[in-house]
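So the structure is just underneath, and the comments pick up after that.
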Amino acid sequence: MVKVDLLGAQPFFDAAGPDFAATAEAHRILAGRSGAGSDFTGWLDLPGRVAKSELKSIVSAAQRIRRQAQVLLVVGIGGSYLGARAAIELLQTPSHNQITNDPQVYFMGNTLNPDAVNELIALLGDKDFCVNVISKSGGTLEPALGFRVARALLERKYGRNGAKKRIYVTTDEHRGILHDIAEAEGYDRFIVPGDVGGRFSVLSAVGLLPMAVAGIDIEAVVDCAIHDLMDLDLRSPENPAWQYAAARQHLYRNGKTIEILACYDPSFRFMAEWWKQLYGESEGKNGIGIFPASVEYNADLHSMGQYVQDGPRTLMETVVSFEQAMTPFKVPFEMGDPDGLNYLAGRDFADIERIARDAVKAAHIAGGVPNIGISVPRRDEAGFASLVTFFEMACAISAYMSGVNPFDQPGVEAYKQNMFRMLKQED
Ligand code: PA5
């Protein structure tokens, strides 16, 4: 389970402090499924349901793909792609595709940029590949175009019948264009449950199938998530999700309108992208909401660090850390000490990173930036499950505390309507 450290935020709380009564009420309506958007609270027991229904078939499809293909192309956007990419980068590292013996996993359908499409085709080369197209609605333009391209590539290489054995569709159980195509063609199908929105769907087939292909132990992820969700149902200020939700809402009301999610581990980059979608789409509506941003330390200490330390005092900082590094690496000793660094020789990089982290935290707090610490023991399947369930639970509670529906995204429709109108006008 996640631990939350609010010591670095407390100096910025006013006399009233975080409103745990409002947190309790938000949790009550969430768990009672009586708040706005309650039709989309299926993620609360998603891991348990997946374990009972689809998990075995996801694992066996992943094993088949691992036998069939050197590359899996995952076609999707938003909640239909960020979770899987976040998991693979976190657990198998951002260099997965360069260093792995498992199939490489590439993502498409999240851009309309022709250079990116051509680059992906070049990366694919003559490798054997499969396609997992993921879209809950089945009608989102970016992945729909991506799938058209991917399917044509498959059919050119394997013929129409050969392609059929290499297409895996994850979509709504009953409706949508993608659902209809999959049914007509007899593609293997997996379900995005109707009561789970895209950004809360990583622990369904949406995230689990690509993760399993990349060699992640998804049975461990699901099992840990089941236990984490039970723990996160605790109705008490001891609940880490309450602590995080209450603290960030309190800071927001005191003028901290931007939250920066920071991590010192480069493999966390896409977890931060996943978090930005989760919090941005869930909370940014009705003219309110904390703006979610992210930084990758130490690199960004030498770019965004200046702004964090010294810019407008509208920031709060949430720092995710892993208590144990996965591998050791010690500073080498060098004869003659030409660079003057022998005072660090023999010390592990993890130890130096921890000291850098403490130094940054103290500097940023002194500079007027509240600091919320979030930690899990290790960057492994259990750590991933704990972070996902914690962030989802805290997000829904926090959004209800601010009075918005966490589960809709009416603002996303505006660009879509314009785009379709303009594309059709140009005909
Ligand atoms: O959280 C959401 O619901 C959205 O971000 C969707 O995931 C995104 O728009 C993709 O939608 P779909 O899966 O229907 O293609």
Phe329 accessible area, assembled protein chains, probe 1.4 Å, Å²: 130
What is the extension gain from Ala345 to Glu413, computed as 0.36 nm multiplied by their sequence separation minus the C-alpha to C-alpha distance, in nm to one decimal? 18.9 nm
Label-zone membership for segment 1-42, site Asn254, 7 angstrom Cα→C-beta point, backbone N under 18 Å: 5-23
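Please identify the DSSP H helices in the chain that span no less than 18 Å along the helix axis (Cα) and have a mean Kyte-Doolittle hydropathy of 0.5 or more.
Span-like helices in the chain: 218-231, 381-402.
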Among the lysines, which fall within straight-line cross-link reach of Lys424, defined as a Cα-Cα distance under 16 Å, with same-chain neighbours fewer than 8 residues apart omitted? Lys416
Going by average Cβ neighbours within 10 Å, how do the peptides 174-181, 268-275 rank, with the highest at the top? 268-275, 174-181
Packing-wise, with mean Cβ within 10 Å as the measure, how do 68-76, 125-133, 97-105, 155-163 rank, highest first? 68-76, 125-133, 97-105, 155-163
Can you classify the chain as rounded, prolate or oblate using the Cα gyration tensor, where a ≥ b ≥ c are the square roots of its eigenvalues, rounded means a/c under 1.5, and otherwise it's prolate if a/b beats b/c and oblate if not? oblate
Most fluctuating residue of Met401, Met326, Met211 in a GNM of the chain with Cα springs under 10 Å: which is it? Met326
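Take the alpha carbon gyration tensor of segment 107-191, find the square roots of its eigenvalues, order them as a ≥ b ≥ c, and report rounded if a/c is under 1.5; if not, report prolate when a/b exceeds b/c, else oblate.
Oblate is the answer for segment 107-191, as a/c is 1.5 or above yet b/c matches or exceeds a/b.
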Under 21 Å Cα-Cα from Lys157, which lysines qualify once same-chain neighbours fewer than 8 residues away are excluded? Lys127, Lys165
Pairs to check: Lys56/Lys164; Lys52/Lys276; Lys52/Lys136. Give those whose C-alpha atoms are more than 27 Å from each other in this structure. Lys52/Lys276
Over what distance in Å are the Cα centres of segment 331-409 and segment 105-160 separated? 35
Probe of 1.4 angstrom, ligands and nucleic acids ignored: what's the accessible area per residue over segment 1-128, in square angstrom? 48
Distance in Å, no decimals, from the C-alpha centre of segment 195-221 to the one of segment 21-43 is 23
So for R0 = 45 Å, FRET eff. of Glu185-Ser95 from the Cβ-Cβ r, to 0.05, ends up at 0.80
Residue-averaged 222 nm ellipticity for the chain, from DSSP H runs of 4+ at -39500 (n - 2.57), nearest 500: -15000 deg cm²/dmol
Would you please classify the overall shape of segment 232-372 from the alpha carbon gyration tensor, given that a ≥ b ≥ c denote the square roots of the eigenvalues, rounded means a/c under 1.5, and beyond that prolate means a/b larger than b/c while oblate covers the rest? prolate
Quickly rank 386-396, 193-203 as a protection proxy: mean count of other C-beta atoms within 10 Å, highest first. 386-396, 193-203
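The values are calculated or read from the model by the stated rules, or taken from the named source; none is laboratory data. Computed from a predicted model, the values in this text were never measured in an experiment. Backbone-built Cβ (ideal geometry, glycine too); neighbour counts: all protein chains shown. We work out accessible area using only protein heavy atoms, side chains counted, and drop any ligands, DNA or RNA first. Shrake-Rupley method; radii C 1.70, N 1.55, O 1.52, S 1.80 Å.
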